[in-house]
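A.B. asks: Take this structure, written in structure tokens, and hold onto it; I'll ask about it next.
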């Protein structure tokens, strides 16, 4: 499926499921490796959470066959909840709506796996999350997947 950004660039999405990730020696999907270097080192130097041992949903955005963003989602602490561990977008593609679209694409995918809600804790700004209509909680932001998908 394709999406046209506000800039006019066509973005396609790919889904990569990693059933389990060894939190001691994680193997990141190749398309995410360059983009992960854009994140703060305190995120990239730390090990994945133990939830990564129970399934990892990566939605990767491409422009002209080049990875330009991704969202990594795992099972949340509560039953039926998914948690977005990371969202990274190439600086050239920021502020164009791609981060929000990655969250919606992630929500659509985990919805197929019977998750009912999705949450995240943005690390640098939360304006883009607020524009999605996610509600503020004590631990970040949360939304029912049906709300994000419009039904």
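The values are calculated or read from the model by the stated rules, or taken from the named source; none is laboratory data. Just so we're clear, the structure is a prediction, and the values are computed from it rather than from any experiment. So basically every Cβ, Gly included, is an ideal-geometry build from the backbone, and we count neighbours across all protein chains shown.
A.B. asks: With respect to residue 44, is the statement that it is touching a helix residue (DSSP H, G or I) at 6+ places or on another chain (Cβ under 6 Å) and surrounded by fewer than 18 Cβ atoms within 10 Å (Cβ to Cβ) true?
C.D. replies: On the way: touching a helix residue (DSSP H, G or I) at 6+ places or on another chain (Cβ under 6 Å): yes; surrounded by fewer than 18 Cβ atoms within 10 Å (Cβ to Cβ): yes.
Yes: the conditions hold for residue 44.
A.B. asks: Is it the case that region 38-57 has a residue that's in contact with a strand residue (DSSP E or B) (Cβ under 9 Å, 6 or more places away or on another chain) and at positive phi?
C.D. replies: For region 38-57, residues in contact with a strand residue (DSSP E or B) (Cβ under 9 Å, 6 or more places away or on another chain) and at positive phi: present.
A.B. asks: Right, something else. Counting just the residues of region 2-36 that are at pLDDT 90 or above, under 21 Å from residue 95 (Cα atoms) and in contact with a helix residue (DSSP H, G or I) (Cβ under 7 Å, 6 or more places away or on another chain), which one comes out surrounded by the fewest Cβ atoms within 10 Å (Cβ to Cβ)?
C.D. replies: Only one residue fits best here, namely 36.
A.B. asks: Does residue 123 count as buried (at least 19 other Cβ atoms within 10 Å of the Cβ) and over 24 Å from residue 8 (Cβ atoms)?
C.D. replies: Considered against the rule, which asks whether it is buried (at least 19 other Cβ atoms within 10 Å of the Cβ) and over 24 Å from residue 8 (Cβ atoms), residue 123 comes out as no.
A.B. asks: Among the numbered conditions (1) in a loop (DSSP other than H, G, I, E, B); (2) within 15 Å of the chain's Cα centre (by Cα), tell me where residue 35 comes up short.
C.D. replies: (1)
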